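Trainee: Here's a structure for you.
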Amino acid sequence: MWGRLSRTAVRRTPSGSRVRWWRRAVVAAVTGAALLTAGTMASVAWARGGAEGHIFTEEAVPEAPVALVLGTRVYPDGTPSPFLVGRLEIAYRLFTAGKVRAILVSGDNMEADYDEPGAMRRWLVDRGVPSDKVVRDHAGFDTYDSCARAKRIFGVDRATVITQTFHLPRAVTVCRRLGLDVNGVGDETARRYEQTWRISSSREYGASVKAAWDVLWGRDPVHLGRPETGVEDALRG
């Protein structure tokens, strides 16, 4: 009998260990998910809170020397996507209304055959904005880089940042945390592309976490380079 009990105990011990291991794994997974959710929600709240009082309609936004237009998708033929057109239209109207005196278009030009700032500049110049009033930043690879380079490379201190409304709180907060006195105006016209709008909006959760991390650690832009006088020249001319 004692032999049978001993063998039974030996057989049951690994099973009990596995149960305990699974319990620890479940607790760890639940704890990790809770921390991730809390961190994400905190980052979103940080982005929204930092922009409070600095988001306006076109009609109400205060004047600023510069409009900072953040880049987004350009088609292979160089045509701006509807999301980018929505941003450019706001910049154009603010310029023609005298609410900004120069436009800094910041986007991705990492590949020779993909040029967001070039496409933005062409669109604005084709509609009558003087070419010397549109300055290109070819290394605005993301929102953080665009804001950091506007300040550190182009010497922008005060600006109106322009993007879609779902992106605007993060953009305004990042720019302000990096030392720019900015207000923001958001585009709603691209909302008619419902699926793209919904997907892009959902990405703000992860993007807000990355933005908070970048600001916290004060990373340098992907490409920094030397200071440029383009915006100063545009304002002087």
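Trainee: Check off (1) exposed (fewer than 14 other Cβ atoms within 10 Å of the Cβ); (2) over 16 Å from residue 105 (Cβ atoms) for residue 127 and give me the number that stays unchecked.
Mentor: Evaluating residue 127 over (1) exposed (fewer than 14 other Cβ atoms within 10 Å of the Cβ); (2) over 16 Å from residue 105 (Cβ atoms) leaves (2) as the failure.
Trainee: Taking the condition of being buried (at least 19 other Cβ atoms within 10 Å of the Cβ) and either under 14 Å from residue 50 (Cβ atoms) or of a type in the set (Lys, Arg) (or both), how many residues in region 179-203 meet it?
Mentor: Selection size over region 179-203: 4.
Residues checked against (1) in contact with a Gly (Cβ under 8 Å, 6 or more places away or on another chain); (2) loosely packed, with under 13 Cβ neighbours inside 10 Å; (3) modelled with pLDDT under 65:
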site	(1), (2), (3)
6	no, yes, yes
30	no, yes, yes
37	no, yes, yes
46	no, no, no
52	no, yes, no
57	no, yes, no
73	no, no, no
77	no, yes, no
102	no, no, no
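Trainee: Still on this structure: Please verify whether region 81-96 includes one or more residues that are of a type in the set (D, E, K, R), modelled with pLDDT of 95 or more and surrounded by fewer than 23 Cβ atoms within 10 Å (Cβ to Cβ).
Mentor: Checked against the condition, which is being of a type in the set (D, E, K, R), modelled with pLDDT of 95 or more and surrounded by fewer than 23 Cβ atoms within 10 Å (Cβ to Cβ), region 81-96 yields at least one hit.
Trainee: Would you say residue 129 is under 15 Å from residue 184 (Cβ atoms) and among the aliphatic types (A, V, I, L, M)?
Mentor: no
The values are calculated or read from the model by the stated rules, or taken from the named source; none is laboratory data. Model, not experiment: these values are computed from the prediction. Note that each Cβ is placed from the backbone with ideal geometry, even for glycine, and that neighbours are counted across all protein chains shown.
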